[in-house]
Amino acid sequence: MLILSLSQQTSINHKRQQGYSDALAKNKIKKSDSIIVQCTNDNEKDNLIIKKLLSGKKKPDGIFASVEKLAIATYHVCNELKIKIPRDVKIISFSNLRQLPC
């Protein structure tokens, strides 16, 4: 599984990555720094980054998007590449959208 990250500078991003690292440690899974993929705030660049990840020889079996916009970009890339979710790749994400009143 890979982590798609927007900013190493924000405390929330750091906490989310720490939670991921803690879960790996708890389950005795070795962590590699190469699992963290730095994305940008540019949608086109992010799509290219994600497409490269999902088109490579070592395709991830899962994507942990630290923000919702990266999960949505991953859905679009999977659709374009005909990658089936969740059969071929699992995608999880935090939601950053604000709740609307009912």
Open item on the list: Quick test for you: out of I63, I50, I91, I83, pick the one residue that is surrounded by 15 or more Cβ atoms within 10 Å (Cβ to Cβ), more than 12 Å from the chain's Cα centre (by Cα) and modelled with pLDDT of 90 or more.
Closed with: I83
Task: Unmet criterion (only one of (1) small (G, A, S); (2) out of contact with any helix residue (DSSP H, G or I) (no Cβ under 6 Å at 6 or more places or on another chain); (3) within 12 Å of L4 (Cα to Cα)) for A65 - done: (2)
Open item on the list: Quick check on the range 79-100. Is at least one of its residues outside any loop (DSSP other than H, G, I, E, B) and among the β-branched types (V, I, T)?
Closed with: yes
- [ ] Might you let me know whether the range 8-17 holds any residue that is in contact with an Asp or Glu (Cβ under 8 Å, 6 or more places away or on another chain), among the basic types (K, R) and in contact (Cβ under 8 Å) with a residue 40 or more places away in the chain?
- [x] no
Open item on the list: Step by step: first the residues of the range 66-80, then only those that are open to solvent by less than 40 Å² (accessible area, probe 1.4 Å) and hydroxyl-bearing (S, T, Y), then the one that is farthest from S21 (Cα to Cα). Which residue is that?
Closed with: T74
- [ ] Look at the range 11-47 and say how many of its residues are among the hydrophobic types (A, V, I, L, M, F, W, C) and surrounded by 14 or more Cβ atoms within 10 Å (Cβ to Cβ).
- [x] 5
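The values are calculated or read from the model by the stated rules, or taken from the named source; none is laboratory data. What you see is a predicted model, and the numbers here were worked out from it, not measured in a lab. When we count neighbours, we look across all protein chains shown, and the Cβ atoms used for this are built from the backbone with ideal geometry, even at glycine. Accessible surface areas use protein heavy atoms only, side chains included; no ligands, DNA or RNA. Shrake-Rupley method; radii C 1.70, N 1.55, O 1.52, S 1.80 Å.
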